[in-house]
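Shown next, in structure tokens, is the structure this report addresses.
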Amino acid sequence: MPLLPFRLQPYPDELLCSWLARLAHHNGSGAWRPFLEATIHNRRMQHPMLGMVSYSDELENLLNALGTNYFTAMMELTTLPYWLAFDSPENLDNKSMASNPTRQIRIQRKKPTTHGIHQTGSKHTAGLADTARLCPACLDDDCRRYGEPYWHRIHQLPNVFVCASHGCILLSACPECNQTIVPLSSRLLDLPKLQCSCGYSLGRSQIQPPTIPAMYKQLVDVSVAALNNECRKWSYADIRHYFELKMNERNGLNSYKKILCSAFELEQPPLGQPLRLYINDRSVVTFRPYFSVARSSDFCALMVALNLDFKQISRELADRTFPGPEHSTPRPKMVRQTLTREVARQRMRQFMSEHRGCSPSNSKVLYWFLKLFDEQWLSKNFVVTTTINPTVGQDRKNLIEVFMQQQFSRDKIRERLMNSPAGVRASLRDEVWLKNKLHELDVRKKEHRTARRIQNVASRVIVLHAVLQQILAAQDWPVRINGAVLGQKAGLSSSQAQGAIRRDPGLRRAVEAANESKTERQIIWAARQFQGEGHSISLKQILRRARLPTLLQNFDMARKARDGLSMTQHRDLAPPRPEYCSLTGNTDAAKCAMHPIELR
């Protein structure tokens, strides 16, 4: 394996992408590319490495050659510890993770299923962000202390838009021209820039520290503490049960949203919408709307709102000063209770006592159950309209009208079916028919999705065929055709273009044929370059410009290309053939061609 001339150690709080980028810069492409070819079998890194990266044998080989391993790199050079602070499985330790046969760090969720590391964290830390963030003051300090800048882990945490050390707003774009400092691509993320291309200096002297709310400063400090917390002794279930008890002591049950809105002075958002805290015109902190889907960024905000710290949480969890969750006995499965007259009467009384002044019909299922099967008791105890109940046939007719509506989506039709009085009555006395109709609706939905997908693929195939012909007819340097190349020119994503190629045999064969003829296209391109320059064409020069080895088959293709261009040039310079035939007296060239003997 090729050895690197310079072996560098990571700086404090440095990201994995920053460490690898420094190694590439210090060793140069002459040493770095052979090193990558020997470890990952590629001349370039095909991932920005901004956040956590899923395990692969190639990545493990690369990290082992650099003196570390996958587990250590994820724990020390990424934001993974921040997410493990609140989403750690019970059996998480160095030995179990290092000895995992699949070599995957997995985060346990509320459900028994697990998610891979590439699904862990927010969009930013999962490597899907537009770019990385930097602190102008840290940029100057790093250059003064280490002689070069680098990316910090703390600056990439979600909901952290202010440097914890200097109080500066983190930058992802130039304040002067709004150009992204270091754009994210499929390659390894480059090191931070000291100056924008517009001439604006990104250092400390140009940036004035803003006024930051005190509660947000605490959120930044808690987020940094979550990243650096090493005394984690709790599991996923323990930490959530702990927060539930703390919230109940504060504001009662289901008070997660109330606590955050009160602490950060937020307005109540619409149902299901995230809570938003605006730091400036470019930075918006978002919190998930429900405790059941809360992640590390939301728990950090909850710690600030409840005035907690990690030392207190560790101490109370270690001492078990609160009742823990029941792990020994599994929760019983929820079984839907059959609705009977006695149960319906009891629930109707409870509903009317809780909703005074409300009509019994607002209870929907209870009202129609009693109206259909116990109307005498319902009329005796509550004020209801004395109307004749519709028959099953009438309900079916009304539901079929809703079912056949084409202006609504399938989900909207299902919602209208189930929420309409006819749908409620059908669920009580005509359940089999209603289930069949809902099944038909699901089948229609799947058929519609399939037809729409086929239509999208067909339209994309037409566009990609046209783009392929444009690429082959262009006079540019021939490239290998793939989904990314076609998608970029067609305005599609690489996955959309690749999916169309995979599903359409004709397009797939056309792409394969174009790639098989890439060597020939390179030779023709090189010969045309010499012809356009007016130079004499030699076979070796053609192959050299085409960047091809001097093989016998390449010489043959170069000779054919040169001869073909020479014939084309002579044909263009030759005088035009007369259309008049002196032997036959016929001016029709097509008829002259029918008498070859006479023309001799």
**Request:** Work out from phi, with θ = phi - 60° and the Karplus expression 6.51 cos²θ - 1.76 cosθ + 1.60, the ³J(HN,Hα) of each residue of region 355-368, listed in order in whole Hz, and give x for Gly and Pro.
**Result:** 10, 5, x, 9, 6, x, 5, 5, 7, 6, 4, 5, 4, 6
**Complete:** The long-range amide H neighbours of Leu170, using H built 1.01 Å from N in the peptide plane and a cut-off of under 5 Å, are Val162, Cys163
**Request:** Pop out the carbon and sulfur fraction of the accessible area of region 517-568 as a percent, whole number, probe 1.4 Å.
**Result:** 52
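Per 0.36 nm of contour for each residue apart, how much would the distance between Ala474 and Leu565 grow if the chain were fully extended, relative to their Cα-Cα spacing? Display every interim value, and only then the final one.
Working: separation 91, 0.36 × 91 = 32.76 nm, distance 1.66 nm.
Full extension from Ala474 to Leu565 adds 31.1 nm.
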**Item:** Simple spin-label estimate for Gln273 and Met75 in nanometres, 7 Å along Cα-Cβ
**Value:** 4.3
**Request:** Subtract the Cα-Cα distance of Arg545 and Asn178 from 0.36 nm times their separation in residues, and report this length gain in nm to one decimal.
**Result:** 128.1 nm
**Request:** For region 289-297, take each phi angle, set θ = phi - 60°, evaluate the Karplus expression 6.51 cos²θ - 1.76 cosθ + 1.60, and give the result in whole Hz per residue in order, putting x for glycine and proline.
**Result:** x, 10, 5, 5, 10, 5, 10, 4, 4
**Distance in nm between pseudo-label sites at Arg33 and Ser494 (7 Å out along the Cβ direction from Cα)** = 1.9
**Inter-probe distance in nm under a simple model that places probes 7 Å from Cα toward Cβ, at Lys446 and Met404** = 2.5
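Which semi-axes, in whole Å and largest first, does the equivalent ellipsoid of region 517-568 have when worked out from the alpha carbon gyration tensor as the square roots of 5 times its eigenvalues?
Numbers: eigenvalues 48, 25, 19 Å².
Values for region 517-568, descending: 16, 11, 10 Å.
By per-residue mean of other Cβ atoms within 10 Å, what is the highest-first order of 267-274, 357-364, 489-496?
Working: 267-274: 9.1, 357-364: 13.4, 489-496: 15.1.
Most protected by this proxy first, the peptides run 489-496, 357-364, 267-274.
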**Request:** State the percentage of accessible surface on region 337-430 attributable to carbon and sulfur atoms; use a 1.4 Å probe and exclude ligands, DNA and RNA.
**Result:** 51
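Ignoring ligands, DNA and RNA, what accessible area per residue does region 214-319 give at 1.4 Å, in Å²? Please report the intermediate quantities before stating the final value.
Working: 5330 Å² over 106 residues.
Per-residue accessible area for region 214-319 comes out at 50 Å².
The values are calculated or read from the model by the stated rules, or taken from the named source; none is laboratory data. What you see is a predicted model; the values in this text were computed from it and never measured. We place every Cβ from the backbone using ideal geometry, glycine too, and count neighbours over all the protein chains shown. These area figures cover heavy atoms from the full protein model, side chains too; ligands, DNA and RNA do not enter into them. Shrake-Rupley method; radii C 1.70, N 1.55, O 1.52, S 1.80 Å.
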